[in-house]
Structures are given as C-alpha cells and as structure tokens.
Amino acid sequence: MAIANFKPEVWSAELLVALEKSLVYAAPGVVNRDYEGEISQYGDTVHIVNLVDPTIGTYTAHTDITIEDVDDAEQVLTITQSPYFAFEVDDIEKRQARGNVMTEQARRAAYLLRDKADQYVASLMATGVDPGNLIAEATLTGTPEAAYETLVDLGTILDEDNVPTEGRFVVITPKFHGLLLKDQRFVAAGDAAGSTTRANGVVGEAAGFSVRKSNNAPNGPGAGAGKLVIAGSQIATTYAEQIRSVEAFRMEKRFADGVKGLHLYGGKVVRPTALAAADVII
C-alpha cells in the first residue's frame, strides 16, 4: 500500500459498511441510530429529549378545560466505548502475499470490532429490559413447540406494553434456532420469505418477529445455565458509532506500512418496556 494513496475517509466508510453488514444486536432494525451524527470523540454526550404524554380529560359543557404545558424528560447517551486496531505489513511479506494484505486485515479488524460491539449492545439490552418483561428460567423440553411458544409469550408481553407490532425482532441462540427449524410454523432461512432477509443474522420469521441468530446471547440472570432470548422493537435502544482517526503510517524503524483506527460507540436503552426477554435453558 502506498501511503500517498491512502484515503482515510474511504477506509472509514468501508469499515462502517463491513460492520453494519455483520452486526446482529446493533443492526438497523434492532436498534435505532437517530443520534449517530452527533458524536465525534470519546466521552461525547447526546441529550435525548422525550415528551411526556398529555393528560386526556373529559369535557363538560360550560366548564373551562385544563391546558397543560408541554413537558419533557431527558436521557443522556454517552460514548463510552473506544476499541482500536493497529497492524503493520512488512514490505517483504507484502510482495510475497497474494491479494491486498492491508485490505484483508482491515476486513478482519471490522469483524472483530463487530463482535465486540454486538456483545456490548447485547449486554445493554439484558440489563435495560424492564424487570416485569422477563420470563424467568424457561426450561424447554427439547420440543419445537416449546421454543415457538416462548416466542408467542414474548410477543404477548410486548402487546400488553403497547409496543408497535411492525418491525419486531427477536435474537435467538443456535440451539434455539435448531428447535425452531423443526416447527412448521417457523419460516426457515431456506424458504422464500426467509431467503429475502438473510442479512444481519436474520434466519426467518416466527410469531410476528424477524428472527436473528447470534452466539453473543447474554447469560440469563437465573442460577441455571440459561441464555437470554431478547425480543422487542428498535424504539427501545439507541446506538451510535463512528470510525475515527483512521491513519496510515510508515514504520520508523522497519520497512513496513501500518494502519491504525479508533472505533467509538455508545448505546442506551431508552424505552425498557419495548423489550422482553426469556431466560432460556435448552
């Protein structure tokens, strides 16, 4: 790689595209990114203003109505995560290798950054879900029906909290997915409806959810070896990220090129009741 031809904006954009294509918990449709353009460095804070619902009164003839002020409630999203990557490729290795070594290493860096960010968002959701929306230690009997019924129960919880039905997601484990594949009600990835939505870990549809699969499911809060199956709407969690300070440099005491970059991100569960979770033991 010629340092003179290095364009940090292009690298930053390519890394973000690679990240977005492989994210599951932090993917569009699972989280919202309404405040992404407002961050530029570690420690940045974004003030999220939510309007308080107005009071609905009953009108009585010849009686004055009550006029309220428009009230708001503020939450703060802070950019608290700052993982980085840095690597070098020796001139000799670069000549001997096939393909663009630097680009391939950048792709691998994006994959590892994705995994770290996904674990972070999964943990946020696990701790941010409303306690009343948690199904405690659901031990499945190994039947497809039990897995599907768990999704139905999660959907019922969201219905009771008036969460919009459009765009609901659920993130499941590979074992849970294995059970669903045996249930005829599940739209598997090989079916027509599933094959059109294969990006970002999507493996099909079931019980009103877009079903996504991940190995990053958090541990359940119970004493057993359960994993949290998390469902909800993207209105629940906001996430913001930037690839910052991508730089190419020539190693001072080596015949090698180097690249380093900083990934900044943060998230917050702003509507805990728009999430539901089950501590599933399979």
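The values are calculated or read from the model by the stated rules, or taken from the named source; none is laboratory data. The model shown is predicted, which means the values in this text are computed figures rather than measured ones. Note: ideal-geometry Cβ built from the backbone for every residue, glycine included; neighbour counts use all protein chains shown.
So the values come out like this:
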quantity	calculated
Condition broken by ILE135, with the remaining ones in (1) modelled with pLDDT of 90 or more; (2) assigned to a helix (DSSP H, G or I) satisfied	(2)
Near pairs, Cβ below 7 angstrom, 6+ apart or cross-chain, from segment 53-81 (outside any strand (DSSP E or B)) to any residue that is β-branched (Val, Ile, Thr) and modelled with pLDDT of 80 or more	GLY57/ILE65; GLY57/THR66; TYR59/ILE65
Any chance ASP64 is acidic (Asp, Glu), under 27 Å from LEU264 (Cβ atoms) and modelled with pLDDT of 75 or more	no
Matching residues, segment 241-270, being under 15 Å from the mean Cα position of the chain (by Cα) and either free of Cβ contacts under 8 Å to residues at least 40 places away in the same chain or within 13 Å of LEU124 (Cα to Cα) (or both)	TYR265, GLY266, GLY267, LYS268, VAL269, VAL270
Any chance LYS268 is modelled with pLDDT of 90 or more and of a type in the set (D, E, K, R)	yes
Residues within segment 152-184 that are among the β-branched types (Val, Ile, Thr), within 18 Å of PRO272 (Cβ to Cβ) and surrounded by fewer than 15 Cβ atoms within 10 Å (Cβ to Cβ), tallied	1
Residue under evaluation GLY224, criteria (1) of a type in the set (Gly, Ala, Ser); (2) closer than 19 Å to LEU151 by Cα; (3) at pLDDT below 90, criterion not met	(2)
